[in-house]
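The values are calculated or read from the model by the stated rules, or taken from the named source; none is laboratory data. In this text the structure is predicted, and so the values were computed from the model without any measurement. Counting neighbours? That spans all protein chains shown, and the Cβs are built from the backbone with ideal geometry, glycine included. What goes into the accessible areas is simple: the full protein's heavy atoms, side chains included, and nothing from ligands, DNA or RNA. Shrake-Rupley method; radii C 1.70, N 1.55, O 1.52, S 1.80 Å.
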Amino acid sequence: MKKVLIPTKLESIAANTLKAAGYEIIQEADTPLEEQIKQHPDTTALIVRSEKVTPEIMDALLNLKVVIRAGAGYDNIDIVHARKKNIDVMNTPGANSNAVAEEVIAMILAYYRHIVDADNTTRQGLWEKKRYMGSELTKKTVGIVGLGNIGRLIVKRLQGFEPTLLGYDHFLARQRAINIGVTPTSLEEIFEQADIITLHVPGGPSTKGMVGADLLGRMKNGSVLINCSRYGVVDEEALAALKAEGRKIAYLTDVHPKDAAGDKPSAAVADLLLPHLGANTIEANAKAARRAAEQMIAYFDEGNTSCVVNGESPTGLNPAHLHLTMMLGTFARIAGEGKPIRRIDCTFYGDLRTYRKWFTPKILEGVLPHAEKGLMPEAAEESLREHGIVFKAREPMDDKPYEDSITLDLTTEVDGEPVTTSVRGVVTEGIPMISRINTFHGLYSDMRGNTLVLRYKDRPGVIALIGSTLASAGINIDNIVAPIDHACGEAMALIKTNKPVTDEQVAEISKGIDALSAFAVSL
Ligand SMILES: NC(=O)C1=CN([C@@H]2O[C@H](COP(=O)(O)OP(=O)(O)OC[C@H]3O[C@@H](n4cnc5c(N)ncnc54)[C@H](O)[C@@H]3O)[C@@H](O)[C@H]2O)C=CC1
Ligand SMILES: O=C(O)C(=O)COP(=O)(O)O
């Protein structure tokens with residue numbers, strides 16, 4: 001019998017559903033998880049809310065197969081360690097979104113109408129009507145940062161207030177944002193224009209300090225910032241400094257470094273401070289509990305992993321496209337001659353746009369071969385940032401007939417000037433192909449194996465020269481494509497060879513044909 005530990009306050013439907021399905025359930029909300037695992041080292045599965053699931057806990061539970069976060073954010077679970085131990089981690093997406101969306105509206109109205117203070121002073125026998133002049137939410141400009149389950153519901157729930165809605169989500173295509181009902185807007189513009197800004201991005205390294213001095217400094221006097229996402233997304237020290245200068249920014253927050261009684265670091269800077277109440281409704285608790293139980297049964301009975309958040313890639317994404325991305329990154333890095341990389345812009349066309357975040361670890365692997373491998377998307381993004389690389393997943397243009405293809409533009413710095421190498425690739429019959437390098441289209445060359453790449457002024461006899469130099473080095477040519485860019489009169493040859501071409505051989509061939517650029521890649 002599989003033993004499930006539920007060390008949290010979760011509606012009994014989870015325990016009851018699992019018991020009825022033949023699971024052994026231990027539910028105990030008042031004892032720390034660290035203590036409970038000592039009594040139940042044979043635990044197969046955990047269902048948690050915000051309780052921390054550390055590497056030590058996972059290491060102690062030798063039978064642990066799955067951890068389900070009954071909720072949205074899973075930054076309390078070390079998902080990388082879980083993957084190393086082959087433990088799947090799931091959340092219950094959307095189960096508590098409505099509770100948070102309603103909390104946000106409650107916070108805005110409570111702040112605008114001074115509900116908390118007015119209740120307190122009226123109880124004390126005071127009559128502070130003049131002091132509590134309020135504001136109205138109706139027709140305000142609201143900026144929503146993070147348009148996932150919660151952000152989208154906020155759009156719906158706000159409708160009756162006739163707002164102007166601005167939205168930002170760096171993984172969402174422009175058209176999708178418009179369909180959701182917001183005007184896609186840059187973060188900077190949101191912070192400059194909105195009366196109310198509400199944050200709904202995940203926590204963790206990729207969003208730490210995301211709302212810092214620069215964005216905060218752009219906020220209008222009298223505007224409101226709401227943080228129901230995670231502690232750390234807002235740089236509260238920067239906010240405190242602005243407030244100390246007399247800037248009128250209201251800060252309403254629900255999130256803290258630790259979910260426990262005691263001093264709160266945000267107390268001095270916050271105008272409304274709640275004890276992580278976002279998901280705390282009877283309805284959300286029941287929904288998350290039921291989902292957690294159903295997902296666990298589907299996981300063990302049917303192998304359903306659709307809600308796993310620490311898998312190598314989501315179901316539906318062809319691993320060949322991940323491999324292609326790594327190859328494009330490698331190719332562009334070598335074409336960029338190993339110069340310091342400053343930025344990478346990618347476009348994922350066709351169905352690939354849905355999975356765009358999952359390509360980030362592969363881009364990292366291609367452009368920085370010595371960086372840590374096997375990172376989750378958010379951590380890979382953070383790693384690129386730490387290496388001083390600006391990474392952007394661009395908006396695909398729907399009118400381009402590129403089907404499921406990937407464009408990667410890698411910008412290096414050469415003598416202080418930006419130089420961009422642009423490559424595009426596709427997967428055909430399972431084979432990763434490079435289809436374009438800069439202005440040379442129609443390449444369709446298999447990226448696997450050894451490729452010699454040469455750019456030169458187009459003229460007769462060049463391929464023969466290359467062939468004879470390779471032959472004298474004992475290297476056989478397996479395949480050649482050599483399209484011409486008629487606009488500049490240059491040709492680019494991609495020559496597949498049976499052996500890697502050494503740097504010396506590349507230099508010799510380059511000199512022999514007076515190449516404009518030359519490099520060799522082995523993948
Ligand atoms: N206060 C509370 O009680 C609760 C807080 N939360 C927090 O809210 C977060 C969001 O929850 P959901 O909407 O359910 O998650 P979700 O995963 O559906 O949506 C998150 C959205 O943020 C976007 N995003 C990620 N990084 C971004 C970045 N750097 N810039 C812009 N957009 C970015 C994603 O593309 C995604 O669309 C959770 O991760 C959790 O931390 C969630 C539930 C309750
Ligand atoms: O679902 C989330 O991300 C939350 O923050 C809710 O946390 P909780 O389940 O109330 O501890």
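Pairs of Cα atoms under 8 Å, at least six residues apart: use those to get the relative contact order of the stretch 449-523, whole percent. Write down the numbers at each step before the final one.
On the way: 136 pairs, mean separation 37.1, N = 75.
Normalised by residue count, the contact order of the stretch 449-523 is 49 percent.
Test of the criteria: in the stretch 76-146, which trypsin sites (Lys or Arg not before Pro) are in a DSSP loop and have at most 12 other Cβ atoms within 10 angstrom of their Cβ?
Working: sites: Arg83, Lys84, Lys85, Arg113, Arg123, Lys129, Lys130, Arg131, Lys139, Lys140; in loops: Lys85, Arg113, Lys129, Lys130, Arg131, Lys139, Lys140.
Hits after loop and neighbour filter: Lys129, Lys130, Arg131, Lys139.
Below 20 Å, Cα to Cα, which aspartates and glutamates can Lys19 reach? Residues fewer than 8 away in the same chain don't count.
Partners within reach: Glu11, Glu28, Asp42, Glu294, Asp301, Glu302.
With a cut-off of 8 Å between alpha carbons and a minimum separation of six or more residues, what is the relative contact order of the chain in percent?
Numbers: 1012 pairs, mean separation 52.9, N = 523.
Computed value for the chain: 10 percent relative contact order.
Can you give the extra length, in nm with one decimal, that the chain gains between Ala29 and Lys52 once fully stretched, where that is 0.36 nm per residue apart less the Cα-Cα distance?
That works out to 6.9 nm of additional length.
What is the gain in length, in nm to one decimal, between His370 and Val414 on full extension, counting 0.36 nm per residue of separation less the C-alpha to C-alpha distance? Show your work: numbers first, answer last.
Details: separation 44, 0.36 × 44 = 15.84 nm, distance 2.16 nm.
Length gained, His370 through Val414: 13.7 nm.
Could you tell me which of rounded, prolate or oblate describes the stretch 313-447, using a ≥ b ≥ c as the square roots of the eigenvalues of the alpha-carbon gyration tensor, with rounded for a/c under 1.5 and, failing that, prolate when a/b is larger than b/c and oblate otherwise? Before the final figure, lay out the partial values.
On the way: a/c = 1.58, a/b = 1.17, b/c = 1.36.
Because a/c hits 1.5 or more and a/b fails to exceed b/c, the stretch 313-447 counts as oblate.
For a quick check: with amide H placed at 1.01 Å from N, whose amide H comes under 5 Å from Tyr251's, ignoring anything fewer than 5 positions away on the same chain?
Those qualifying (amide H under 5 Å, at least 5 residues apart or on another chain) are Leu225, Asp271, Leu272.
Which percentage, to the nearest 5, of the DSSP beta bridges contained in the chain is antiparallel?
Values: 47 of 90 bridges.
Roughly 50 percent of the DSSP beta bridges within the chain come out antiparallel.
For Lys140, which lysines qualify as cross-link partners when the Cα separation must be under 18 Å and same-chain residues fewer than eight apart are set aside?
Cross-link targets: Lys156, Lys220, Lys248.
Can you give the Rg and Dmax of the stretch 418-507 based on its C-alpha atoms, in angstrom?
In Å, with Rg to one decimal and Dmax whole: 13.4, 38.
Taking the stretch 395-459, which trypsin sites (Lys or Arg not before Pro) meet the DSSP loop condition and have no more than 14 other C-beta atoms within 10 Å? It would help to have the intermediate numbers written out before the result.
On the way: sites: Arg424, Arg436, Arg448, Arg455, Lys457; in loops: Arg448.
Within the stretch 395-459, the qualifying trypsin sites (Lys or Arg not before Pro) (loop, at most 14 other Cβ atoms within 10 Å) are Arg448.
Per DSSP H run of at least 4 residues, take -39500 (n - 2.57); add these up for the chain, divide by its residues and hand me the 222 nm value, nearest 500 deg cm²/dmol. Before the final figure, lay out each step's value.
Numbers: 17 runs with 169 residues, N = 523.
Theoretical 222 nm ellipticity from helices: -9500 deg cm²/dmol.
How large is the Rg to Rh ratio of the chain when both quantities use alpha carbon positions and Rh follows Kirkwood? Intermediate results must be reported in sequence, preceding the final value.
On the way: Rg = 27.7 Å, Rh = 26.2 Å.
Expressed as Rg/Rh, it is 1.06.
How much of the accessible area of the chain, in percent, comes from carbon and sulfur atoms when a 1.4 Å probe is used?
Values: 12600 of 24800 Å².
C and S fraction of accessible area: 51 percent.
For the pair Ala471 and Ala487, how long in nm is the line joining their label points, each one 7 Å along Cα→Cβ?
Placing both labels 7 Å beyond Cα along the Cβ direction yields 3.6 nm.
Checking the table Lys339/Lys362; Lys9/Lys84; Lys139/Lys264; Lys84/Lys258 against a 22 Å threshold on Cα-Cα, which pairs fail?
Lys9/Lys84; Lys139/Lys264; Lys84/Lys258
Can you give me the accessible area per residue for the stretch 303-384, using a 1.4 Å probe, in Å²? Intermediate values should be presented prior to the final figure.
Numbers: 3190 Å² over 82 residues.
Spelled out: the 1.4 Å probe surface of the stretch 303-384, per residue, equals 39 Å².
Among the aspartates and glutamates, which have Cα under 15 Å from the Cα of Lys208 when same-chain residues fewer than 8 positions away are ignored?
Asp75, Asp235, Glu236, Glu237, Glu378, Glu381, Glu382, Glu386
Counting other Cβ atoms within 10 Å, keep those with at most 12, restrict to DSSP loop, and tell me which GluC sites (Glu not before Pro) in the stretch 97-164 are left.
Glu136
Quick one: which residues, 5+ away or cross-chain, put their amide H under 5 Å from the amide H of His256? H built at 1.01 Å from N.
HN-HN under 5 Å from His256: Tyr231.
May I ask which residue of Leu328, Leu352, Gly338 lies farthest towards the positive end of the charge dipole of the stretch 314-361, with charges of +1 (Lys, Arg) and -1 (Asp, Glu) on Cβ and the Cα centre as origin?
The listed residue farthest towards the positive side: Gly338.
If you take the beta carbon distance between Lys19 and Glu245 as r and set R0 to 56 Å, what does 1/(1 + (r/R0)^6) give as a FRET efficiency, to the nearest 0.05? Don't skip to the end; give the middle numbers.
On the way: r = 58 Å, r/R0 = 1.03.
Approximately 0.45, to the nearest 0.05.
What nm value, rounded to one decimal, do you get for the distance between Glu188 and His441 when each label is placed 7 Å out toward the C-beta?
Result: 3.3 nm between the two label points.
Label Arg131 and Glu395 with points 7 Å out from Cα along Cα→Cβ: what is the distance between them in nm?
Between Arg131 and Glu395, the simple spin-label model gives 4.7 nm.
Taking the full set of protein chains and a 1.4 angstrom probe, give the accessible area of His200 in square angstrom, rounded to the nearest 10.
Accessible area, nearest 10 Å²: 20 Å².
Tell me the per residue accessible area of the stretch 449-523 using a 1.4 Å probe; a whole number in Å² is fine. Before the final figure, lay out the partial values.
On the way: 3730 Å² over 75 residues.
Result: 50 Å² of accessible area for each residue.
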